[in-house]
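Please treat every number below as a calculation from the coordinates, not as lab data. Everything quoted here is computed from the prediction, not taken from an experiment. Here Cβ is always computed from backbone atoms with ideal geometry, including for glycine, and neighbour counts include all displayed protein chains.
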Amino acid sequence: MKNTKQKGRALSTPKGFTLPRNVNAEGGFTLIELLIVIGIIAILAAAVIIAINPGQQFQQARNATRWSHMNSIANAVYSYAIEEGGTFPDCVPTEGLEDGETANDLEECENDLEDHMSELPLDPSEGGEGGTGYEIRSDGTRIRITSTAEEADEIEVIQ
């Protein structure tokens, strides 16, 4: 083996072998190679973020929370009705279950349901800003609980 001195450093190469001109004698990567790898990583990261769609994942999580809250509210209202001989709380209007009819914000039920719920649930995105984010109404035998959040289309509990 012969020693070749390049850039102040001795390299050991087999006899008759010379380093190609484009190989970095210090064993590092060139700037172009690094930029290409960073570009590829950026493209893959963007594709993964688009595939995961975090906005949709968060919305689905908030909708699951809403569903759970509305079921808890319904259970509390029926617990109250059982305790009161089949009568719903005064805060639940009994004009009907259909859209466009009278509905009260759940906040009006706080005193009636305090023995049946530890605290009134708040909508994950809107609760606390002028109400709980949930509305309640009844037709006398069933109740309908809906979320007032814009992103909560079609989420309701009718029991």
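List of remarks:
- In summary, the convex hull built on the alpha carbon positions of the stretch 54-158 has an orientation-averaged projected area of 6.3 nm².
- In this simple spin-label approximation, Asn111 and Gln59 carry label points 7 Å from Cα along the Cα→Cβ vector, and these lie 3.9 nm apart.
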